[in-house]
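Okay, structure first, notes after.
The values are calculated or read from the model by the stated rules, or taken from the named source; none is laboratory data. Since this is a predicted model, take the numbers as computed values, not measurements. Glycine also receives a Cβ, built like all others from the backbone with ideal geometry; neighbour counts cover every protein chain displayed.
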Amino acid sequence: MGTAQPIRDRQDLKRFMRYYLTESPNPRNYAMVILGLHSALRISDMLNLKWEMLYQFEKGFYFDHLLLYKKKTGKKSCIALNECVKEALERHRQSCVPKPGHSVFSKKTSPNEPLSRSQAYRVIKKAAAETLLDPHISCHSLRKTFGYHAFKQGTPPALLMDIFNHSSFDVTKRYLGIRQDERDSIFLTMDFS
């Protein structure tokens, strides 16, 4: 399988999430991982974020929701920001002291320019290489991991289809690797003795 996979194991996921917090501290990279896992955003949408979309500079607080038009579909999206995301963003904000128009995930040399997709890919691949055994983890794995664990926790299929903008639950199951998990379970639990 050469496509991006979700991080299925919760212990692996915890190690992956904490890599840029404890193993190789980097507030920007940590915030990118946390926001990606908690928002189901594509990396292209994350890289286009400006601080003013997340943080109210005059009053000093994070918005409860992120409102944006998704780059791929052009559709408006409203995403709730939980405390975990806000804490990661605050750690990042304090480390870089941004202005409202600065990119949230900017290059170190230019706060107005976002990381390139290839730079973001290297950030995710490095954390995966250090914490996971799966070579099929990429930026898109953050989005798929959100969906996989939301499904396993009982999120209604119709809601996941809406979040991912899929036309059917079969597409969503394939996207998240659920179909293969179900097939593997049958093979692994079959016992004729």
Item to complete: Would you confirm whether any residue within the stretch 34-47 is closer than 17 Å to Ala4 by Cβ and charged (D, E, K, R)?
Response: yes
Worksheet entry | the stretch 19-42, subset among the hydroxyl-bearing types (Ser, Thr, Tyr) and farther than 17 Å from Cys139 by Cα, residue surrounded by the most Cβ atoms within 10 Å (Cβ to Cβ) | Ser24
Practice prompt. Kindly indicate which of Asp9, Asp45 is surrounded by 12 or more Cβ atoms within 10 Å (Cβ to Cβ), under 24 Å from Arg122 (Cβ atoms) and free of Cβ contacts under 8 Å to residues at least 12 places away in the same chain.
Written response: Asp9
Worksheet item: For residues in the stretch 13-67 being outside any helix (DSSP H, G or I) and of a type in the set (Ser, Thr, Tyr), which is nearest to Ala80 (Cα to Cα)?
Response: Tyr62
Response to the item:
When restricted to Phe192, Phe187, the only residue free of Cβ contacts under 8 Å to residues at least 24 places away in the same chain, assigned to a loop (DSSP other than H, G, I, E, B) and among the aromatic types (Phe, Trp, Tyr) is Phe192
Discussion item. For the stretch 115-143: of the residues being part of a helix (DSSP H, G or I) and among the β-branched types (Val, Ile, Thr), which is farthest from Lys50 (Cα to Cα)?
Written reply: Thr131
Worksheet item: Inside the stretch 151-193, can you point out the residues that are closer than 26 Å to Thr73 by Cβ, hydrophobic (A, V, I, L, M, F, W, C) and loosely packed, with under 15 Cβ neighbours inside 10 Å?
Response: Ala158, Leu159, Val171
Worksheet, complete the sentence: When the stretch 172-184 is checked residue by residue, the ones that are assigned to a helix (DSSP H, G or I) and modelled with pLDDT under 90 are Lys173, Arg174, Tyr175, Leu176, Ile178, Arg179, Gln180, Asp181, Glu182, Arg183, Asp184
Response to the item:
Scanning the stretch 119-164 residue by residue, those under 13 Å from the mean Cα position of the chain (by Cα) and hydroxyl-bearing (Ser, Thr, Tyr) turn out to be Tyr121, Ser138, Ser141, Thr145, Tyr148
Practice prompt. Output the number of residues of the stretch 58-86 satisfying the condition of being over 18 Å from the mean Cα position of the chain (by Cα) and surrounded by 12 or more Cβ atoms within 10 Å (Cβ to Cβ).
Written response: 2
Item to complete: Working only within the stretch 83-114, note down all residues that are in contact with a Lys or Arg (Cβ under 9 Å, 6 or more places away or on another chain), at pLDDT 95 or above and farther than 17 Å from Met53 by Cα.
Response: Ser95
Practice prompt. Looking only at the stretch 70-84, decide whether some residue is part of a helix (DSSP H, G or I) and touching a residue at least 40 places away in the same chain (Cβ under 8 Å).
Written response: yes
